[in-house]
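Participant: Got a structure for you, questions after.
The values are calculated or read from the model by the stated rules, or taken from the named source; none is laboratory data. This is a predicted model, so every value here is computed, not measured. Using ideal geometry, Cβ is built from the backbone for each residue, glycine included, and neighbour counts are taken over all protein chains shown. Each accessible area value is taken on the protein alone, full model and side chains, heavy atoms only, with ligands, DNA and RNA left out. Shrake-Rupley method; radii C 1.70, N 1.55, O 1.52, S 1.80 Å.
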Amino acid sequence: MKSYLIGLLAAAAVALADVELPAGIPRSLFEFRDKHPYKVRRSCERKTFRIRASANDTDDVADEFLQGLRLANHGGTLYLPKDKTFMIGKPLDLTFLDDIHIRLDGEIKFTNDTPYWQANAFRHPFQNSIMFWKWGGSNIKIFGEGILNGNGQRWWNEFSGLEILDPTNAYLRPILFYAENATGLDIEGIHFKDSPCWTTFFVTSKHISLKDVACTAESKTAALPKNTDFFDSLNVEHVSVERAWVNIGDDCFSPKSNATDVYVNTMYCNGTHGQSMGSIGQYAGEKSFIRDVHIENVWMLNGQHGARLKSWAGLNVGYGFIDNVTFKNFWNANNEYSAFLDSCYFNINETTCSRYPSQVNITNVLFENFSGYTSGKYGRAVARLTCSPNAVCENIQFKNFTVTSPCGGAPVVICDGIHEDIGIPCVKATSPEAVAALKATCTTAQAALPSATPW
């Protein structure tokens with residue numbers, strides 16, 4: 001698993017110069033901003049407040065930031081201007097917010113005192129998470145052309161060689177942006193940069209909107225920016241993401257347990273694990289679900305998978321369902337599988353998965369208008385669906401699926417535990433067609449960003 005992650009995460013620091021992209025598709029963050037320009041909409045009706053900027057990277061203005069938010073709360077705007085840096089060096093509880101705008105044209109940056117943050121950060125029990133700060137309340141808008149910087153390099157260096165889901169792991173890394181019990185949270189234009197761990201995590205919140213945002217995590221050392229998911233959630237509803245550029249080292253988009261009414265339109269993902277539903281079903285005795293999701297107009301490049309559904313198997317796991325999910329208009333380049341249903345998550349062997357199969361049902365899933373090509377890691381196999389024997393998998397459909405393999409020959413889709421027609425030919429993993437396809441491995445050129453990268 002570690003060697004796999006090293007190879008996979010190396011792709012997070014590369015992108016698109018050598019890929020045959022369709023005309024008009026951006027190859028860099030600069031080109032993304034040029035194609036999808038973001039302009040700040042000013043309001044003269046709100047009172048504006050400012051705070052002093054940091055003099056250097058050790059000048060903590062957390063207290064001033066908190067006071068600025070208190071002053072701007074209930075109808076005002078806190079303005080953080082361009083070419084100014086605002087260092088945050090202590091945890092902040094910001095769950096009191098109501099009708100507030102934060103215009104970020106400068107940079108908010110967290111200190112990298114790893115022992116301090118590990119001792120003092122906020123905590124959440126889900127996957128043993130820690131957070132720099134907690135946002136919450138109602139009618140919160142964060143917008144502008146600025147940067148939210150997690151200062152992740154030291155964290156990545158010190159975490160190198162470890163695994164986030166290893167139950168013995170004691171090296172915890174903070175989430176860059178965490179919100180809980182938020183209603184009406186809008187984020188526009190912001191560049192999320194170098195998170196130590198997950199980039200965003202939304203918990204028990206609704207009416208969440210992200211528009212015209214960028215998310216990058218690039219290491220300057222051999223240590224890789226692991227687990228830097230762009231989007232994670234727990235117990236959310238009414239989520240919208242429109243126009244996002246993502247170049248990180250894990251899931252591009254990953255709602256986890258209990259997500260309802262999720263919409264994504266126009267996302268560019270490089271070096272990621274995919275557009276992932278889940279994982280869900282991790283915790284023993286807990287029911288979890290994802291339902292009513294529509295994801296369209298996505299470019300998946302140099303990653304693990306394109307569209308992905310993942311559920312936990314093994315001893316002491318939970319149960320639940322994924323229902324009514326549409327993946328539409330996906331262009332793939334150099335991904336392992338363009339569509340992947342994984343019912344043996346996380347990192348368990350076939351024997352254990354067979355003995356303790358997943359209990360997550362998968363129903364009403366559509367893969368529509370998929371094109372491009374895979375990496376050749378699995379030969380001519382371009383998609384794979386594996387349904388658990390302890391789960392129901394019904395109405396899984398493919399329409400206009402034209403993904404090819406760089407290995408040549410006819411592409412093959414593999415299905416196990418799927419007993420209905422999926423709209424295209426599909427064979428079992430043990431069939432002669434699948435065995436031959438999986439053996440016909442090859443490699444294709446790794447896409448590479450211009451050097452130096454534009455961010």
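Participant: Output the relative contact order of the chain, whole-number percent, from Cα pairs under 8 angstrom with separation of 6+ residues.
Facilitator: The value is 11 percent.
Participant: Convex hull over the alpha-carbon atoms of segment 301-455: what's its volume per residue in Å³?
Facilitator: 133
Participant: What translational diffusion coefficient, to the nearest whole µm²/s, does segment 252-294 have by Stokes-Einstein, given a Kirkwood radius computed over alpha-carbon pairs, a temperature of 25 °C and 0.890 mPa s viscosity?
Facilitator: Result for D is 214 µm²/s.
Participant: In degrees from 0 to 90, rounded to the nearest 10, what is the angle of the helix 62-72 Cα long axis to the longest principal axis of the chain?
Facilitator: Result, in degrees: 80.
Participant: Along segment 169-175, what does the Karplus equation 6.51 cos²θ - 1.76 cosθ + 1.60 (θ = phi - 60°) give for ³J(HN,Hα), rounded to whole Hz, x for Gly and Pro?
Facilitator: The phi angles translate into 5, 10, 8, 9, 10, x, 7 Hz.
Participant: May I pose another question? Counting heavy atoms of the protein chains only and a 1.4 Å probe, report the per residue accessible area for segment 144-231 as a whole number of Å².
Facilitator: Per residue, segment 144-231 has an accessible area of 29 Å².
Participant: For Ser138 and Ser371, what does the FRET efficiency come to when R0 = 45 Å and r is the distance between their Cβ atoms, rounded to the nearest 0.05?
Facilitator: For Ser138 and Ser371, the calculated efficiency is 0.60.
Participant: Let me ask something else about it. Using helices alone, I'd like the mean residue ellipticity at 222 nm for the chain: each DSSP H run of four-plus residues gives -39500 (n - 2.57), total over residue count, nearest 500.
Facilitator: The per-residue figure over the chain is -3000 deg cm²/dmol.
Participant: Once the other residues with Cβ under 13 Å from the Cβ of Pro425 are scored (Lys, Arg +1; Asp, Glu -1), what is the net sum?
Facilitator: In short, 0.
Participant: Where does the charge balance sit around Asp342 when Lys and Arg score +1, Asp and Glu -1, over other residues with C-beta under 9 Å from its C-beta?
Facilitator: Cβ neighbours under 9 Å give a net charge of +3.
Participant: To continue, here is another question. Quick one: length gained pulling Asp60 to Asn364 fully straight, 0.36 nm per residue minus the C-alpha distance?
Facilitator: Result for the pair: 104.4 nm of gain on full extension.
Participant: I'd like the distance separating the alpha-carbon centroids of segment 92-115 and segment 270-313, in whole Å.
Facilitator: 28
Participant: May I pose another question? Excluding Pro357 itself, calculate the net charge of residues whose Cβ lies under 15 Å from the Cβ of Pro357, where each Lys or Arg counts +1 and each Asp or Glu counts -1.
Facilitator: -1
Participant: Within the accessible area of the chain, what % is carbon and sulfur when the probe is 1.4 Å and the other protein chains stay in place?
Facilitator: 48
Participant: If amide hydrogens are placed 1.01 Å from N in the peptide plane, which non-local residues have theirs closer than 5 Å to the one on Asn364?
Facilitator: Result for Asn364 returns Asn324, Glu394, Asn395, Ile396.
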